[in-house]
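A.B. asks: Input: one structure, supplied below.
The values are calculated or read from the model by the stated rules, or taken from the named source; none is laboratory data. Since the structure is predicted, the reported quantities are computational estimates derived from the model, not experimental observations. Here the Cβ positions follow ideal geometry from the backbone for every residue, glycine too, while neighbour counts run over all protein chains shown.
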Amino acid sequence: MALEEEVVALRAEVAALREALAQAQARIAELERRKTPPPAFVRANTPTERPARPRRKRPREHNAGRPREEPTHIVYHAVERCADCGYLLRGQSVARTRQVIDLPEPAPVQITEHRVLKRRCPVCDRWWTPRVDFSSQVSLPCGRTSRPGQGSCAPAAGDESPRREGSVDLSLI
């Protein structure tokens, strides 16, 4: 008799679960039919079309720089060894150039172009650029040496170029 009672109890439990399942499915169907709007922070995943505006160009007077002269001397500045591990650096490319124009009184112009080379350490996989001190050759920030009778030039804001991490002072080598 105990088995028959257990079967009756299980059938009642199954019927109750089926009824709960039917109620849950009805509730889900009701919520799906309602179509509530999404929250304000949710946006459709479609690109917005903006009218194509032509790019605004800077006026020419802001883009004009001094044309480079043909140098009479070229001085290369480079780091020979990695400052971290001492390994010999390989490869090179010009990181930046600076022309120092020396205007002697009657003699022809002497233009020295300093080419600061950056080199890569194959062990550390870092690029190294030397720090070059032009103060002994250049006294004014515009690149001209100060001579009597010549006009002065106003210092430019931020004339000193920023040095990258890993650059080395040549006086240390």
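A.B. asks: Determine which single condition residue 65 fails, assuming it passes every other condition in (1) within 26 Å of the chain's Cα centre (by Cα); (2) outside any loop (DSSP other than H, G, I, E, B); (3) not charged (D, E, K, R).
C.D. replies: The one condition residue 65 does not meet is (2).
A.B. asks: Hey, another quick one. The conditions are (1) touching a Lys or Arg at 6+ places or on another chain (Cβ under 7 Å); (2) more than 30 Å from residue 120 (Cβ to Cβ); (3) of a type in the set (Lys, Arg), and residue 90 fails exactly one of them. Which is it?
C.D. replies: Against the list (1) touching a Lys or Arg at 6+ places or on another chain (Cβ under 7 Å); (2) more than 30 Å from residue 120 (Cβ to Cβ); (3) of a type in the set (Lys, Arg), residue 90 comes up short only on (2).
A.B. asks: Within the stretch 113-130, does at least one residue satisfy the condition of being exposed (fewer than 12 other Cβ atoms within 10 Å of the Cβ) and at pLDDT below 70?
C.D. replies: Taking every residue of the stretch 113-130 in turn, none turns out to be exposed (fewer than 12 other Cβ atoms within 10 Å of the Cβ) and at pLDDT below 70.
A.B. asks: Next question, about the same structure. Those residues that are in a loop (DSSP other than H, G, I, E, B) and closer than 19 Å to residue 74 by Cα, I need them from the stretch 86-106; list them, please.
C.D. replies: Selection gives 103, 104.
A.B. asks: Take the stretch 77-98 and flag every residue that is exposed (fewer than 15 other Cβ atoms within 10 Å of the Cβ) and either touching a Leu at 6+ places or on another chain (Cβ under 6 Å) or hydrophobic (A, V, I, L, M, F, W, C) (or both).
C.D. replies: Scanning the stretch 77-98 gives 85, 88, 92, 94.
Rundown of residues vs (1) among the small types (Gly, Ala, Ser); (2) assigned to a helix (DSSP H, G or I); (3) within 60 Å of the chain's Cα centre (by Cα), yes/no style:
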{"position": "6", "(1), (2), (3)": "no, yes, no"}
{"position": "13", "(1), (2), (3)": "no, yes, no"}
{"position": "16", "(1), (2), (3)": "yes, yes, no"}
{"position": "21", "(1), (2), (3)": "no, yes, yes"}
{"position": "24", "(1), (2), (3)": "yes, yes, yes"}
{"position": "30", "(1), (2), (3)": "no, yes, yes"}
{"position": "36", "(1), (2), (3)": "no, no, yes"}
{"position": "42", "(1), (2), (3)": "no, no, yes"}
{"position": "45", "(1), (2), (3)": "no, no, yes"}
